[in-house]
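The values are calculated or read from the model by the stated rules, or taken from the named source; none is laboratory data. Given the structure is predicted, the values throughout are model-derived calculations rather than measurements. Using ideal geometry, Cβ is built from the backbone for each residue, glycine included, and neighbour counts are taken over all protein chains shown.
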């Protein structure tokens with residue numbers, strides 16, 4: 001039996017472990033990336049690893065999230081990250097250079113390489129046939145310090161594409177269709193690998209859109225073959241030497257398979273409040289929009305923005321609509337400035353934002369109260385926009401642009417336009433935004449930390465018996481945006497866990513922090529896919545700081561489960577999901593014999609308030625057990641070395 005693309009790369013990078021589905025393996029990491037929203041914690045943790053040089057081929061720190069400087073907090077974080085880069089030999093990307101995933105795709109991602117990043121949309125680089133995985137900041141810190149990453153060997157989900165997309169459809173419509181079919185947890189434990197003749201019709205930036213939103217499926221990563229389109233893209237980025245052809249073997253083995261006819265993909269949206277709430281635009285009523293936002297790491301490429309400019313050319317944004325556009329990188333902004341596309345956007349009435357994450361991460365451009373915002377982004381979780389009662393729809397840049405003109409969510413076919421533009425033969429990236437590593441002898445010995453940068457909470461070793469109250473019971477689909485809200489007011493405090501803890505779960509309840517303080521910590525009970533969304537480990541560090549000892553759920557999102565273990569919080573699942581109904585908030589809970597239960601996988605929860613016993617499952621790898629017993633991943637990893 002032949003190998004998939006994913007398995008070829010994993011085999012090439014395998015350091016330890018048995019290549020059997022579900023087993024934990026360690027793979028060599030070639031590249032890492034961080035961004036400033038998660039990066040401060042990652043570099044504090046890297047400092048604690050007591051090294052003097054990163055072990056990767058290339059590590060980069062991007063400033064792209066917290067770029068609104070309304071106080072000293074964000075600039076101080078940026079200075080700390082910059083000095084950490086100088087100390088450890090990491091490339092620093094200044095604010096204004098663009099979104100980490102877009103810039104990395106343009107300038108650094110390579111076929112056949114491994115990449116992990118402290119951002120859940122790191123799989124964007126799968127468009128260039130990189131095995132690119134989103135992870136918590138501590139996992140990335142360990143990868144920088146030690147050169148490896150542990151992952152449970154995923155299953156491989158093959159999506160075969162046939163034919164090509166219609167003129168009015170975008171790769172965004174394809175991934176929204178897939179989300180509608182599989183749901184936000186439908187690819188948990190899988191790598192999504194694309195194949196078929198239809199792949200040839202998709203540009204690298206189309207593929208990037210699809211890989212980017214594969215994160216919303218719960219997938220470990222997504223990946224495309226490296227082919228003629230890959231070579232053409234790398235040539236345009238002055239990186240032809242980085243090309244390597246990679247295809248799956250004809251007899252490659254897959255665990256799941258679906259075939260999708262691209263010719264049947266139509267303009268679509270994700271309705272509030274999850275990316276899998278699929279609907280065809282033609283089946284919607286004429287929903288009036290107040291705001292349209294185009295950009296994000298999903299749809300801010302040169303090609304996408306050129307399509308937007310073509311639609312806006314000679315037209316005006318509807319009087320009731322605010323249209324904001326954020327290019328994905330300084331390179332793209334430069335090119336649309338040179339070729340006149342930017343002028344077309346401005347003449348139409350669009351507001352042009354800095355090349356960065358902006359509204360997607362809640363950094364500005366919050367909609368009005370109860371407003372409708374149509375966005376070419378990847379997430380529409382409740383409150384993520386900065387306005388709790390706003391209704392956020394996700395769509396392609398073409399659907400967004402046409403809707404901004406007409407004033408309601410409209411199918412692109414409702415306007416006539418032509419896409420007549422050429423891709424630059426050479427993008428000639430501006431280099432002024434990068435600060436490259438200093439020679440080792442010239443590097444500073446210390447980093448600079450501002451007053452807002454607080455120490456990260458120290459993980460605690462697992463207790464033999466946990467006795468706590470249930471301080472919060474959540475429903476299905478709790479996101480990391482719920483656990484650690486993300487908006488322009490709170491993002492500057494990502495390096496200050498004590499302050500952030502006061503706002504935990506504010507999208508759902510007002511007093512989570514107070515409950516934890518009054519009960520000396522506690523236990524969280526939740527439904528399906530707990531911790532979905534962003535990779536931010538703050539959603540584990542805040543509960544750690546507040547004394548949460550365990551989270552019991554129907555199921556967990558992959559990255560958040562890892563972050564909980566790394567932070568010494570034990571994640572357990574109901575053996576019978578119906579038992580979720582038996583527990584209420586403020587019930588007194590006991591989980592005894594945890595050390596023995598780690599080995600047997602079988603845990604027992606005793607609800608002392610109701611005098612009932614509930615069976616739980618804790619299926620941990622040998623390494624995960626040791627992490628919990630040693631009090632967190634940092635303690636475990638300090639003296640661990642592989643492949644030296």
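Structural remarks
- Residue in the stretch 252-272 that is closer than 29 Å to residue 382 by Cβ, surrounded by fewer than 23 Cβ atoms within 10 Å (Cβ to Cβ) and out of contact with any helix residue (DSSP H, G or I) (no Cβ under 8 Å at 6 or more places or on another chain) present: yes
- Within the stretch 87-103, restricting attention to residues that are in a helix (DSSP H, G or I) and touching a helix residue (DSSP H, G or I) at 6+ places or on another chain (Cβ under 7 Å), the residue that is farthest from residue 34 (Cα to Cα) is 88.
- Residues of the stretch 215-242 satisfying the condition of being assigned to a loop (DSSP other than H, G, I, E, B), crowded, with 20+ Cβ neighbours inside 10 Å and at pLDDT 95 or above: 224, 225
- Out of 571, 543, sole residue that is touching a residue at least 12 places away in the same chain (Cβ under 8 Å), buried (at least 19 other Cβ atoms within 10 Å of the Cβ) and within 17 Å of residue 617 (Cα to Cα): 571
- So residue 469, is it in a loop (DSSP other than H, G, I, E, B) and either more than 21 Å from residue 325 (Cα to Cα) or touching a helix residue (DSSP H, G or I) at 6+ places or on another chain (Cβ under 8 Å) (or both): no
- Members of the stretch 533-582 found to be touching a helix residue (DSSP H, G or I) at 6+ places or on another chain (Cβ under 6 Å), part of a loop (DSSP other than H, G, I, E, B) and within 24 Å of residue 382 (Cβ to Cβ), listed by number: 533, 534, 535, 536, 537, 546, 554
Each row is one residue, and each column tells you yes or no for (1) farther than 15 Å from residue 58 by Cα; (2) out of contact with any helix residue (DSSP H, G or I) (no Cβ under 6 Å at 6 or more places or on another chain); (3) assigned to a loop (DSSP other than H, G, I, E, B).
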position	(1), (2), (3)
105	no, no, no
109	no, no, yes
119	yes, yes, yes
127	yes, no, no
132	no, no, no
173	yes, yes, no
177	yes, yes, no
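- Checked against (1) touching a helix residue (DSSP H, G or I) at 6+ places or on another chain (Cβ under 8 Å); (2) within 25 Å of residue 33 (Cα to Cα), residue 488 meets all criteria but (1).
- Within the stretch 583-644, helices (runs of 4 or more DSSP H) holding 1 or more residues that are closer than 30 Å to residue 146 by Cα and without any contact (Cβ under 8 Å) to a residue 24 or more places away in the chain: 622-630, 633-637
- Filter pass, residue 34 being modelled with pLDDT of 95 or more and in contact with a helix residue (DSSP H, G or I) (Cβ under 7 Å, 6 or more places away or on another chain): yes
Yes/no per residue for (1) surrounded by 13 or more Cβ atoms within 10 Å (Cβ to Cβ); (2) modelled with pLDDT under 95; (3) closer than 17 Å to residue 283 by Cβ:
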site	(1), (2), (3)
394	yes, no, yes
399	yes, no, yes
403	yes, no, yes
415	yes, yes, no
420	no, yes, no
424	yes, yes, no
436	no, yes, no
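- Residue satisfying all of: in the stretch 48-64; at pLDDT 90 or above and more than 18 Å from residue 30 (Cβ to Cβ); surrounded by the most Cβ atoms within 10 Å (Cβ to Cβ) among these: 64
- Some residue of the stretch 83-90 being under 21 Å from the mean Cα position of the chain (by Cα) and at pLDDT 90 or above: no
- Only one entry of 325, 346 meets the criterion of being modelled with pLDDT of 95 or more, farther than 19 Å from residue 238 by Cβ and buried (at least 21 other Cβ atoms within 10 Å of the Cβ), and that entry is 325.
- Residue 465 vs. criteria touching a residue at least 24 places away in the same chain (Cβ under 8 Å), touching a strand residue (DSSP E or B) at 6+ places or on another chain (Cβ under 8 Å), over 30 Å from residue 47 (Cβ atoms) and loosely packed, with under 14 Cβ neighbours inside 10 Å: yes
- At least 1 residues being under 23 Å from the mean Cα position of the chain (by Cα) and within 29 Å of residue 129 (Cα to Cα) is the threshold, and among the strands (runs of 3 or more DSSP E) wholly inside the stretch 3-79 those reaching it are 24-28, 31-35, 58-62.
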